[in-house]
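The block underneath contains the structure these notes are about, expressed in structure tokens.
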Amino acid sequence: MAKNALLLFIYERDNKYGTHVLIGSLEHTGIDEHFNMLLLNLGKALEVMPSLADKYNVKVLAYSILTTHLVEKLRTILKLTKLARKLNFITVAGGPHATGDPYGTILSLGFDYVIVGEGEKSFVEFLDKVINRDDMSMIQGVAYRDQDRIVINGKSFIYDLSSYPPFSVKYGLFNPIEITRGCPYACKYCQVSYMFSARLRHRGVDDILRYCNVLLRKGIKDIRFITPDALSYGSRGYNVDLSALTDLIEALQKIRAQGGRVFLGTFPSEVRPEHINEEAVRLLKNRIDNKRIIIGAQTGSDKLLKAIGRRHTADDVINAIEILSKYGFNVDVDYIFGLPHEDEEDIELTIKHMERVASMGARIHAHVFMPLPGTPFSFAPPGKINNRLRKFLYKLLGKGLVYGQWERQERIAEVIAKLRDKGIILITPQRTKNMLWNNKRL
């Protein structure tokens with residue numbers, strides 16, 4: 001029987017993992033059987049939507065948005081939602097940006113609904129209501145406009161990470177396996193804690209092995225993991241649970257024995273520096289296949305580390321590099337420049353810190369602060385690199401000791417701040433109220 005409902009996902013290179021997880025949840029619950037699904041990029045979606053409109057009684061357009069999408073794709077997004085309204089598509093947005101700014105996503109970008117927080121459960125409920133033409137106003141984690149106000153029904157939260165798959169097996173949409181979600185540190189520049197909560201949840205070892213084996217059967221030999229801190233597995237996040245970590249690492253040896261390669265503590269995840277200790281690194285040595293570990297320093301200033309909520313010291317980074325190097329690991333160290341409250345003294349301390357880190361054989365991964373919606377630093381000025389630091393980075397670049405897209409991120413940060421100041425990005429109820437009042441007066 002032909003399906004009478006269309007579910008069109010906006011599918012871009014940098015939102016595909018989140019889209020895979022959502023489709024995995026649809027597959028897991030069986031709601032996907034009600035829809036013909038299409039995955040298209042923004043340009044292709046605009047091109048084909050008119051030809052699809054008359055073929056379906058129910059049409060849903062879903063988009064997991066990153067704040068960086070607004071920098072380069074804002075006009076296209078506005079064209080998309082305008083066309084969707086004209087063609088009677090129901091539009092729903094989710095992801096880091098929509099969660100951080102549901103107000104602007106609805107009022108400025110033109111989406112009908114926003115999934116706030118973790119989408120697996122609420123998105124399934126949303127689509128079920130769509131199919132049955134039921135009221136969607138009471139779904140936990142859904143935001144929508146009700147005349148002159150934006151209603152937000154809290155955030156959706158998944159208590160058991162193993163209750164949903166990490167990707168879609170049925171549709172062959174694979175990605176690294178999420179083994180831990182959440183972060184208790186709530187660093188003021190990062191959207192993770194504010195989207196996924198401070199409570200850590202871990203996928204069970206048996207479930208991890210199950211999906212590792214799925215990847216192996218599909219010919220995917222390199223097994224990678226998504227986690228805010230690779231050494232936090234099984235813990236509450238503030239320390240290393242060596243027993244739980246051992247259980248995971250030992251179980252993953254079964255995957256390696258079948259020809260799989262296990263990558264932990266490297267892209268797309270990292271390790272907190274204060275969690276690096278001799279016992280944990282001895283456990284990893286010869287049991288994972290990556291020879292490079294990524295750790296987050298962010299700055300070489302203890303004062304600034306405290307101000308941004310990192311809860312570790314600059315010396316913790318040095319200690320971590322020493323231990324990792326002792327056991328044969330290469331190290332990449334993340335830094336963020338232009339952070340709020342950063343002064344000349346902080347910059348000099350960071351330069352000296354990077355000099356020491358580089359002298360120990362580690363590489364610098366350079367970033368620039370971006371004022372992301374939903375974080376305590378949402379209204380901070382965009383990050384900028386001063387001339388002294390810029391010259392230092394070029395010096396490291398010439399020696400092959402630094403990498404990253406810091407210049408591009410500097411431009412992106414400036415555009416994000418401009419969109420916020422213009423009211424495209426709204427963030428708060430008061431700014432939203434002011435916008436609605438001004439529009440009403442017009």
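The values are calculated or read from the model by the stated rules, or taken from the named source; none is laboratory data. Bear in mind the structure is a predicted one, so any value in this text is a computation, not a measurement. Quick reminder, even Gly has a Cβ in these numbers, built from the backbone with ideal geometry, and neighbours come from all protein chains shown.
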Looking at segment 231-251, which of its residues are under 13 Å from LEU284 (Cα atoms), touching a Leu at 6+ places or on another chain (Cβ under 7 Å) and exposed (fewer than 15 other Cβ atoms within 10 Å of the Cβ)?
ALA251
Could you check segment 320-353 and list, in sequence order, the residues that are farther than 25 Å from PHE369 by Cα and within 28 Å of the chain's Cα centre (by Cα)?
LEU324, PHE329, ASN330
Take LYS59 and decide whether it is buried (at least 18 other Cβ atoms within 10 Å of the Cβ), of a type outside the set (Ser, Thr, Tyr) and farther than 30 Å from GLU414 by Cβ.
yes
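Conditions tested, residue by residue: (1) in a helix (DSSP H, G or I); (2) under 18 Å from THR29 (Cβ atoms).
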position: TYR171; (1), (2): no, yes
position: TYR185; (1), (2): no, no
position: TYR189; (1), (2): no, no
position: TYR194; (1), (2): yes, no
position: ARG199; (1), (2): no, no
position: LEU209; (1), (2): yes, no
position: LEU215; (1), (2): yes, no
Could you give me the residue pairs with C-beta distances under 7 Å whose first residue belongs to segment 321-349 and is at positive phi, whose second residue is of a type in the set (Val, Ile, Thr) and modelled with pLDDT of 95 or more wherever it lies, and which are 6+ apart or on separate chains?
GLY338/VAL368; GLY338/ILE385
Cβ pairs under 7 Å, 6+ apart, first in segment 386-402 and in contact (Cβ under 8 Å) with a residue 24 or more places away in the chain, second β-branched (Val, Ile, Thr) and in a helix (DSSP H, G or I)
ASN386/ILE347; ARG388/ILE347; LEU389/ILE347; LEU389/ILE351; PHE392/ILE351
When you look at GLU47, is it part of a helix (DSSP H, G or I) and at pLDDT below 95, yes or no?
no
Residues being at pLDDT 95 or above and surrounded by fewer than 17 Cβ atoms within 10 Å (Cβ to Cβ): count how many of those fall in segment 3-12.
1
Scope segment 134-161; condition exposed (fewer than 14 other Cβ atoms within 10 Å of the Cβ), over 13 Å from GLU118 (Cα atoms) and either among the basic types (Lys, Arg) or in contact (Cβ under 8 Å) with a residue 24 or more places away in the chain (or both); matching residues:
ASP148, ARG149
Residues in segment 135-158 that are under 16 Å from THR29 (Cβ atoms) and either over 18 Å from the mean Cα position of the chain (by Cα) or part of a loop (DSSP other than H, G, I, E, B) (or both): how many?
4
Of all residues making up segment 107-121, the number that are in contact with a strand residue (DSSP E or B) (Cβ under 6 Å, 6 or more places away or on another chain) and within 15 Å of TYR63 (Cβ to Cβ):
7
Considering only segment 359-442, give the helices (runs of 4 or more DSSP H) lying wholly within it that have at least 2 residues that are among the hydrophobic types (A, V, I, L, M, F, W, C) and modelled with pLDDT of 95 or more.
387-398, 406-421
Could you tell me which numbered condition ARG236 fails, if it satisfies all but one of (1) more than 22 Å from SER193 (Cα to Cα); (2) at pLDDT below 95?
(1)
Taking TYR233, is it more than 16 Å from ILE179 (Cα to Cα) and hydroxyl-bearing (Ser, Thr, Tyr)?
no
Kindly indicate whether any position in segment 173-188 is β-branched (Val, Ile, Thr), surrounded by 22 or more Cβ atoms within 10 Å (Cβ to Cβ), in contact with an Asp or Glu (Cβ under 8 Å, 6 or more places away or on another chain) and touching a residue at least 40 places away in the same chain (Cβ under 8 Å).
yes
Quick check, is ILE351 buried (at least 20 other Cβ atoms within 10 Å of the Cβ) and in contact with a Phe, Trp or Tyr (Cβ under 9 Å, 6 or more places away or on another chain)?
no
Since PRO228 meets every condition but one in (1) part of a loop (DSSP other than H, G, I, E, B); (2) surrounded by 15 or more Cβ atoms within 10 Å (Cβ to Cβ); (3) touching an Asp or Glu at 6+ places or on another chain (Cβ under 7 Å), which condition does it not meet?
(3)
